[in-house]
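What follows is a set of notes on a single structure, which appears directly below.
The values are calculated or read from the model by the stated rules, or taken from the named source; none is laboratory data. Computed from a prediction, not measured in an experiment: that's the story for all the values here. All Cβ positions, glycine included, derive from the backbone under ideal geometry; neighbour counts span all protein chains shown. The protein model used for the area step is the full one, side chains on, heavy atoms only, and it has no ligands, DNA or RNA in it. Shrake-Rupley method; radii C 1.70, N 1.55, O 1.52, S 1.80 Å.
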Amino acid sequence: MKLLDYFDTVYVPIKRSEGLAASGLDVIRRSVRWLAASLKRDPTLADLSDSAISALWRFIVRQGRSRNTATWNCQRLVSIWRFAHARGDVAGDKLQVAALKRRHSAKLVGMARIPVNEPRERRHGIPPVKEAAAPANPATTETLLVQFLFRHYAVSHDVSRTSIDKAYRSAVTSFERSLNRPATVGDLTTANVNAWLFSLVEQVSRETAHGYRRTVLMLWRYAYDSGLLAEYPRKVRPIKRPRRIIEGYDADQMAKLLRTADIEPGVFPQNGIERRLWFVAFLLAAWATGLRLGDLLRIEREWIRTDDTGAGRLSLVMHKTGDAIDRLLPAGAVAAIDRLMASGPSRKLCFPLWTDQRDYYREFKLLARQAGLGGTTKYIRRGSSSEVERQLSGGGRNHLGHRSAGLFETAYRVDRIVGKNIPLPPEPVFVPTLRIGHVAVEGGAT
């Protein structure tokens, strides 16, 4: 039996029922792929041997990875062998992998350790915003651009810390790499920015390059409005973004995803909630409302008003835009939420997250792969709004609560769903010509 098939059909369901997180399963899956790369073929259960795993250890080291990385991957494969051996799926004595008997110590030389309980800004070298609330000196053209971002722009704008730390700072770092030195406010010139954008499109995707360009121009305009720069951003190189094909789940695919979620085994060890109840109720609510993930996780049961038919009406304020919305929930979704609320401890939240969002993303991808679909949670939001748009022109934008009229068309419209109502033109009557040697017989007559 192929090792990857055994991993997906036997190992994963049992380990998930025991509470192993999806992130841990993905890590073990990568070790199986390492073994396939080492053998240059699909490995089988019989390949979990001393010689094959020792050869894998040497293969990983030759690829430039650390010895610890090689050891960890081999240990994961040994754990699969132990699992299969305990079930009687493989025979033989205990594995004696010579590579795993080696001991490697990694010492940090000349590196000052920062305690874990120190502020995140210090551990990651991020200039703290709290100190920037009252800058000692006003910004000048000699001010470092990253300091200008944290100490001046972030203080005077209502921007989330996540956007500052990740999106905005990444753009500034990319601009500094093109200069080969820390950038200052005075470096925001047409020549410098255009040279950076010219090389940037060869390093990252055009979507990322467009976002970086927008961030740097945003800082440039703020510096101009503050009187620091005399040159307003003009003749800056544009970044063309090709229109991408947007994918999302249609109603049939959502039904397949729900059937897969309904057979999820086990409970979440962190809160004792049944996995299948959580996923089924979550998927039904996400499909009916089209809400973002953050808003779905904030829903409390008392926010849902139920009528005589069992259907519900959900009212909330969206976290991203601050707009109040009102969404209908079918009776089936409300019943699924009530069954979920009866599982686990007494609580207000309908969908308490058992882990961080990053681990949830891995868990959902694994669920979608088991359903044979692929995709992420955003596929639900896209498909839900596209199904509404198919029934009512303009309904997709209202369903998502967008302020901009064009955002749905460029980022959420799934053409294969919306286009179901578009009729085909009449098929032309055409009879192919039959050729016999060099003689063409019209109409295919013989």
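At q = 0.19, 0.22 Å⁻¹ the log10 of I(q)/I(0) for the stretch 312-374 amounts to -1.10, -1.16, computed by Debye summation with a single uniform scatterer per C-alpha, solvent ignored. Net charge in the neighbourhood of Glu300 (other residues with Cβ under 15 Å of its Cβ; Lys, Arg +1, Asp, Glu -1) is +4. Per-residue accessible area (protein heavy atoms, 1.4 Å probe) orders Arg301, Arg362 as Arg362, Arg301, starting from the largest.
If one computes P(r) from the Cα atoms of the stretch 321-446, what percent of pairs lie at distances over 24 Å? It would help to have the intermediate numbers written out before the result.
Working: 4541 of 7875 pairs.
The answer is 58 percent, as a whole percent.
Exposure check, 1.4 Å probe, all protein chains in place: Lys378 carries approximately 100 Å² of accessible surface.
For the stretch 246-381, the relative contact order comes to 32 percent (Cα pairs under 8 Å, sequence separation of at least 6).
Taking a 31 Å limit on the Cα-Cα distance, which of the listed pairs Lys15/Lys320; Lys166/Lys240; Lys235/Lys420; Lys15/Lys94; Lys166/Lys256; Lys320/Lys348 fall beyond it?
Numbers: Lys15/Lys320 36 Å; Lys166/Lys240 23 Å; Lys235/Lys420 43 Å; Lys15/Lys94 22 Å; Lys166/Lys256 35 Å; Lys320/Lys348 22 Å.
Flagged as over cut-off: Lys15/Lys320; Lys235/Lys420; Lys166/Lys256.
Contact order, relative form, for the chain: 12 percent (alpha carbon pairs under 8 Å, 6 or more residues apart, mean separation divided by residue count).
In angstrom, the C-alpha Rg and Dmax of the stretch 357-423 are 13.6, 43. All distinct Cα pairs of the stretch 1-63 go into the 1/r average, and the inverse of that average, the Kirkwood radius, is 12.3 Å. When each of the peptides 339-347, 207-215 is scored by how many other beta carbons lie within 10 Å of its residues on average, the order from highest to lowest is 207-215, 339-347.
Find out how many positive minus negative residues lie around Gly322, taking Lys and Arg as positive, Asp and Glu as negative, among other residues whose Cβ is under 14 Å from that of Gly322. Every neighbour counted, the sum reads +1.
Over all pairs of different C-alpha atoms, the chain has a mean inverse distance whose reciprocal, the Kirkwood radius, equals 27.2 Å. Computed over the stretch 308-446, relative contact order equals 12 percent, with contacts defined as Cα pairs under 8 Å that lie 6+ residues apart.
For the stretch 243-328, what is one quarter of the convex hull surface built on the Cα atoms, given in nm²?
That works out to 8.1 nm².
Overall, the accessible surface of the chain at a probe of 1.4 angstrom is composed of carbon and sulfur to the extent of 52 percent.
Taking 19 Å as the straight-line reach from the Cα of Lys40, the aspartates and glutamates in range (excluding those fewer than 8 positions away in the same chain) are Asp5, Asp50. With contributions of -39500 (n - 2.57) from each DSSP H run of at least four residues, the per-residue ellipticity at 222 nm computed over the chain stands at -13500 deg cm²/dmol.
In the stretch 1-71, what trypsin sites (Lys or Arg not before Pro) fall in a loop by DSSP, with at most 12 other Cβ atoms inside 10 Å? List each step's numbers first, then the result.
Working: sites: Lys2, Lys15, Arg16, Arg29, Arg30, Arg33, Lys40, Arg41, Arg58, Arg62, Arg65, Arg67; in loops: Lys40, Arg41, Arg65.
Those that pass, being in a loop and sparsely packed, are Lys40, Arg41.
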